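Before I ask anything, let me first share the structure, which is written out below as structure tokens.
The values are calculated or read from the model by the stated rules, or taken from the named source; none is laboratory data. Keep in mind it's a predicted model, so treat the numbers as computed, not measured. Cβ placement follows ideal geometry from the backbone for every residue including glycine, while neighbour counts extend to all protein chains displayed.
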Amino acid sequence: MVEVTVKNGEQLERALRRFKKKWERAGVLKDVKRKMFYIKPSDEQRAAKKKAIRRRIRFARYNK
């Protein structure tokens, strides 16, 4: 759970900005979007393998 305590004399906009940053860093929105639809475990594994292959190719290309 993301919490932000508003300090004494702090502007509400500033506290809201801090909340938004913490919320993004915590990955709340990414998690909600990921859980909107059911993805079969086999599809998740296939996507993870594709991502790993792309990452290895990109790493090899820049570290020649």
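Does Val2 satisfy being touching a residue at least 24 places away in the same chain (Cβ under 8 Å), surrounded by 12 or more Cβ atoms within 10 Å (Cβ to Cβ) and in contact with a helix residue (DSSP H, G or I) (Cβ under 7 Å, 6 or more places away or on another chain)? Walk me through it before giving the result.
On the way: touching a residue at least 24 places away in the same chain (Cβ under 8 Å): yes; surrounded by 12 or more Cβ atoms within 10 Å (Cβ to Cβ): yes; in contact with a helix residue (DSSP H, G or I) (Cβ under 7 Å, 6 or more places away or on another chain): yes.
Here the answer is yes, as Val2 does meet what is asked.
Any idea which of Gly9, Gly27 is of a type in the set (Gly, Ala, Ser), exposed (fewer than 10 other Cβ atoms within 10 Å of the Cβ) and out of contact with any Cys (no Cβ under 8 Å at 6 or more places or on another chain)?
Gly9
For the stretch 19-56, name all the residues that are of a type in the set (Val, Ile, Thr) and at pLDDT 95 or above. Step through it out loud before you land on a result.
We begin by selecting, within the stretch 19-56, every residue of a type in the set (Val, Ile, Thr); these are 28, 32, 39, 53.
Result: Ile53, single match.
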